[in-house]
Amino acid sequence: MEYYGRRRPSVFGYFLAAMFGAILGGFLILTFAPEALIQKFQPKEQPKVETKKEVVYETVKTDITSAAEEVIPAVVGIKTTKIQRSFFQNKRIQGVGSGVIIDKDGYILTNNHVAGYSSSDIVVSLYDGRETNGNVVWADEVLDLAIVKIEEKNLNVARLGDSKNVKIGQTVIAIGNPLGLTFQRTVTAGIISALNRTIEVSEGVFMEDLIQTDASINPGNSGGPLVNTSGEVIGINTVKVTSAEGIGFAVPVNIIKPIIDSIKRTGRFETPSLGIKAFDKNLAGYFEFKIQKGIYVYDVLRGGPAARAGIKEGDIIIAIDDREVNTMMELKEEIYKKGVGSTCKVTIKTPVGTIKTVDVNL
């Protein structure tokens, strides 16, 4: 009798079922688990924060800016009136120039052609906007320098440097009022182009031993300072060559120092003189004459200090009080230091080559 019912699964069947289940489970895990894990552990996106870049403005400080900042407050404008006299009528001529305050007592250094003895109604414009009247206390037409006095307090003062230490090629700045007071205290920069220049400003009239610079100098700059990068005044701007660019001139300041000292002590300065006409090697070329060193004497004033001491035409002055002199400016500096009434020792070389020293009463 046959029996019909359920067949009991074999061990092999269980094994196949287990293998199929493992394969199916692995497939499902590999398919769906990575995406779930990625979503679970992926870092949340951070909100975007906009940052503004800070703009830093750098202040550039140079030797030129430092020197300009120091001297500009001491630079002044000078307005003058001059009377031009003629046969038919007298004309009032207005002039504008520059100057620089060199002493707290109100002494201003400028050019003679800006504010000389012929000037009247002198009005000085200060850095802080004040305007005040000025008076000429000293002027020299040959040097083209003048000193104006004002009665004001709390003045900005510029320092005087040593013009003997000036070197060709060094940086300088010129400060002044070009083309009038519209462009007050304009600063131009350049270099020292040459030293001990002699120029003929009119027929037979020479300015000697000038500092040449390519810093721009224009009408109105006259009387303003020429300044080194240490903020020291080394010259006073005076003239420029109009037929060329970048050729301007300044009077070295050392010549004015003994004059300022005398005016501060006594209220005046009397110009001492040797009583000679002379020239140095820079001016010698104008007379087609050659001289290597010293000051050549080509005329002696009869009865003057030099004549009384025995100095003659053709002698060459080589030293004053044992200080070598090779330019007319150096000669003037030394006798200006001595002053009228003083005695100085003058060393000369005669035409035959003899060296001797004589005492000259100025």
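Of the residues in the stretch 200-220, how many are part of a strand (DSSP E or B) and either open to solvent by 30 Å² or more (accessible area, probe 1.4 Å) or basic (Lys, Arg) (or both)?
Filtering the stretch 200-220 for residues part of a strand (DSSP E or B) gives 200-202, 205-213.
Cutting the leftovers down to either open to solvent by 30 Å² or more (accessible area, probe 1.4 Å) or basic (Lys, Arg) (or both) gives us 200-202, 205-206, 208.
So the count comes out to 6.
Identify the residue in the stretch 273-297 that is loosely packed, with under 12 Cβ neighbours inside 10 Å and closer than 22 Å to Leu195 by Cβ and, among all such residues, is nearest to the chain's Cα centre (by Cα).
Here the residue is Gln292.
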Would you point out the residue of the stretch 256-267, among those that are under 24 Å from the mean Cα position of the chain (by Cα) and of a type in the set (A, V, I, L, M), that is most open to solvent (accessible area, probe 1.4 Å)? Ile260
The lone condition Glu270 fails out of (1) surrounded by 14 or more Cβ atoms within 10 Å (Cβ to Cβ); (2) assigned to a loop (DSSP other than H, G, I, E, B); (3) modelled with pLDDT under 95 is (1)
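Take Gly129 and decide whether it is closer than 17 Å to Val71 by Cα and free of Cβ contacts under 8 Å to residues at least 12 places away in the same chain.
Values: closer than 17 Å to Val71 by Cα: yes; free of Cβ contacts under 8 Å to residues at least 12 places away in the same chain: yes.
Answer is yes for this residue.
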Checking Tyr296 against (1) of a type outside the set (A, V, I, L, M); (2) under 21 Å from Val201 (Cα atoms); (3) in contact with a Phe, Trp or Tyr (Cβ under 7 Å, 6 or more places away or on another chain), only one condition comes out false. Which one? (2)
Which of (1) within 19 Å of Thr347 (Cβ to Cβ); (2) out of contact with any strand residue (DSSP E or B) (no Cβ under 8 Å at 6 or more places or on another chain) is the odd one out, the single condition Ile291 does not satisfy? (2)
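What number of residues within the stretch 221-255 are touching a strand residue (DSSP E or B) at 6+ places or on another chain (Cβ under 6 Å) and either open to solvent by 60 Å² or more (accessible area, probe 1.4 Å) or assigned to a helix (DSSP H, G or I) (or both)?
First, pick out the residues of the stretch 221-255 that are touching a strand residue (DSSP E or B) at 6+ places or on another chain (Cβ under 6 Å): 221-229, 232-240, 248-253.
Next, only the ones that are either open to solvent by 60 Å² or more (accessible area, probe 1.4 Å) or assigned to a helix (DSSP H, G or I) (or both) stay: 240, 253.
Looking only at that region, the number is 2.
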Reported set for the stretch 51-81 where residues are outside any helix (DSSP H, G or I), crowded, with 17+ Cβ neighbours inside 10 Å and either modelled with pLDDT under 90 or touching a Lys or Arg at 6+ places or on another chain (Cβ under 7 Å) (or both) is Val75
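Restricting attention to the stretch 329-362, which residues are among the hydroxyl-bearing types (Ser, Thr, Tyr) and open to solvent by 40 Å² or more (accessible area, probe 1.4 Å)? Break it down stepwise before answering.
Initially, the stretch 329-362 is screened for residues among the hydroxyl-bearing types (Ser, Thr, Tyr), giving 336, 342-343, 347, 350, 354, 357.
Correct list: Thr343, Thr354, Thr357.
Among the listed residues Val360, Val352, Val340, Val346, which satisfies the condition of being modelled with pLDDT of 95 or more, of a type outside the set (S, T, N, Q) and more than 27 Å from Leu195 (Cβ to Cβ)? Reasoning before the result, please.
Values: Val352 fails: modelled with pLDDT of 95 or more; Val340 fails: modelled with pLDDT of 95 or more; Val346 fails: more than 27 Å from Leu195 (Cβ to Cβ).
Result: Val360 is the single residue among Val360, Val352, Val340, Val346 that is modelled with pLDDT of 95 or more, of a type outside the set (S, T, N, Q) and more than 27 Å from Leu195 (Cβ to Cβ).
Residues checked against (1) touching a residue at least 60 places away in the same chain (Cβ under 8 Å); (2) open to solvent by less than 80 Å² (accessible area, probe 1.4 Å); (3) outside any strand (DSSP E or B):
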{"site": "Gln84", "(1), (2), (3)": "no, no, no"}
{"site": "Lys91", "(1), (2), (3)": "no, no, no"}
{"site": "Gly97", "(1), (2), (3)": "yes, yes, no"}
{"site": "Ile108", "(1), (2), (3)": "no, yes, no"}
{"site": "Tyr117", "(1), (2), (3)": "no, no, yes"}
{"site": "Ser120", "(1), (2), (3)": "no, yes, no"}
{"site": "Val148", "(1), (2), (3)": "yes, yes, no"}
{"site": "Lys153", "(1), (2), (3)": "no, no, yes"}
{"site": "Val157", "(1), (2), (3)": "yes, yes, yes"}
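Okay, residues lined up against (1) surrounded by fewer than 18 Cβ atoms within 10 Å (Cβ to Cβ); (2) over 12 Å from the mean Cα position of the chain (by Cα); (3) at pLDDT 90 or above; (4) outside any loop (DSSP other than H, G, I, E, B):
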site: Lys167; (1), (2), (3), (4): yes, yes, yes, no
site: Thr182; (1), (2), (3), (4): yes, yes, no, yes
site: Ala189; (1), (2), (3), (4): no, no, yes, yes
site: Ala194; (1), (2), (3), (4): yes, yes, yes, yes
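The values are calculated or read from the model by the stated rules, or taken from the named source; none is laboratory data. Quantities reported herein were computed from a predicted structural model and do not represent experimental measurements. For neighbour counting, all protein chains shown are included, and Cβ atoms are generated from backbone atoms with ideal geometry for every residue, glycine included. These area figures cover heavy atoms from the full protein model, side chains too; ligands, DNA and RNA do not enter into them. Shrake-Rupley method; radii C 1.70, N 1.55, O 1.52, S 1.80 Å.
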